[in-house]
C-alpha cells in the first residue's frame, strides 16, 4: 500500500528511514533492516510521528506487511535519481533521517553546510573504515549519531578518523528467526548436495559449515584457510565434510583448490541457497567455522548459535563480541596459523559432548542478548531522544 505524501498527524514532524532493502533483498544489512523497521514502527507510534520508508532496491509491492497503514513506503527499483528527489522533498528541520548506509545520505551534504545534523547513519562493517571516501567521512562526522554494529567497528572507525559521534548498538537475530530454549534434533535432517567432484552425496554427522560470500576482493572469511587444513582433518576423520554456502565470484577458484588438494569428494560449494536449505544446514552441521578477519559483527554466528551449534571465530573482530571462548564456541588468535584452526576443527569434530555443550550455551546466549527484541530495544534506546518534538 502506497501512502500519499501528506502527513495525517498534522504535526509535520516525521521519521524517515532510507534503506537499501529489507524483505525482498538478501544479505546481512537487509536482515538488520527488518529489526530497524520494527523498532521505528514502535517508536513512531509512541512519539506519534509519521514514518516514511524509502527503499532504494525494492519496489512499492515489497512493502513489509507489518507496517502500519499510516506509514509511507516507496521503492525505487535502484533508481538513485528518483530516490534523491524524494528524499529532498521530505527535508525539514523537524525530520529525523536514518540511513542504513552512509552513501544513501549523500543528498543531504549541501544542507549539512548550513548546520543540519538531524540524521543517523548505521555502520555495518569494513566499508566504514577501509578506503572511506571524503564525502563519507564528512557525513560520518556531521551526523548527529552513528550507530555501529559492534564495539569492534566503532574502534576501527575511531582509529581511521576522528570527530564523529558514534556508539555501539549490537545487532540481533532477524525477526524471521524464531528462538527457543532448546536446539532442535538435527539427526532427522536429510540433506543431499553436489560435491566439488560433481557427485551428489548425503551430508553426514561430521559436517563443518561456513556461510558467507565468496568474493575475490574479500578473501578473509576463512574459506582458503579451511581448505588448507582439510586433508589433515580427513586423515583423522575420513567421513568429515565441508560446506561453503553463499554466492560470490570466487567459487570456481575455491573449487579448483579443493580439486588440487584431492578433497573434492568431501567439499561442497553449492552457491546461493534458499533460506530453508540454510536452516537445515545449520541444524545438520556439527560446528560452524568462520575464522574471519573482516567481520564487523557476523550475523551468521547468531544463526548458527540459534540452531544450537558451536562456533569458531577470531579474536580482535566482530565475532569476538558474539562468541564467548570456551562457552559458546572457540576463538582463534590467528586463523592463518593452520595448527590452531586444525586443532579447533578436530576438537569439535571429535568431541560430541563438548560440541553439544557449547551449542546449548550459545543458544542460551542468543536468548539472553541477541534476540530480535533485544536488537529493537537497543535501537529504540538510542533513537528515541533524537526524534523531533515539534
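The values are calculated or read from the model by the stated rules, or taken from the named source; none is laboratory data. Since we're looking at a predicted model, the values are computed, not measured. With ideal geometry, Cβ positions are generated from the backbone for all residues, glycine too; neighbour counts draw on all protein chains shown.
Annotations for the structure displayed:
- Residue in segment 354-369 that is over 18 Å from residue 221 (Cα atoms), touching a strand residue (DSSP E or B) at 6+ places or on another chain (Cβ under 8 Å) and surrounded by fewer than 16 Cβ atoms within 10 Å (Cβ to Cβ) present: no
- As a summary of the residue check, residue 182 satisfies the conditions (1) at pLDDT below 95; (2) closer than 22 Å to residue 127 by Cα except for the one numbered (2).
- Checked against (1) under 22 Å from residue 29 (Cα atoms); (2) more than 20 Å from the chain's Cα centre (by Cα), residue 111 passes all but condition (1).
- Some residue of segment 30-51 being surrounded by fewer than 19 Cβ atoms within 10 Å (Cβ to Cβ), over 21 Å from the mean Cα position of the chain (by Cα) and part of a loop (DSSP other than H, G, I, E, B): yes
- The listed residue being free of Cβ contacts under 8 Å to residues at least 24 places away in the same chain, surrounded by fewer than 17 Cβ atoms within 10 Å (Cβ to Cβ) and either assigned to a strand (DSSP E or B) or not assigned by TED's automatic domain parsing to the domain that holds residue 29 (or both), out of 228, 276, 265: 276
- Residues satisfying the stated conditions in segment 207-225, i.e. in a strand (DSSP E or B) and either crowded, with 20+ Cβ neighbours inside 10 Å or not assigned by TED's automatic domain parsing to the domain that holds residue 288 (or both): 207, 208, 209, 210, 211
- Tally, over segment 142-155, of residues that are within 24 Å of residue 322 (Cβ to Cβ) and touching a residue at least 60 places away in the same chain (Cβ under 8 Å): 8
- Of the helices (runs of 4 or more DSSP H) entirely within segment 292-390, those holding at least 3 residues that are more than 21 Å from residue 172 (Cβ to Cβ), modelled with pLDDT of 95 or more and out of contact with any helix residue (DSSP H, G or I) (no Cβ under 9 Å at 6 or more places or on another chain) occupy 352-369.
- Annotation note: Cβ proximity below 6 Å between a residue of segment 355-382 that is free of Cβ contacts under 8 Å to residues at least 60 places away in the same chain and a residue that is surrounded by fewer than 18 Cβ atoms within 10 Å (Cβ to Cβ) and outside any helix (DSSP H, G or I) (sequence gap 6+ or interchain) occurs for 361/327.
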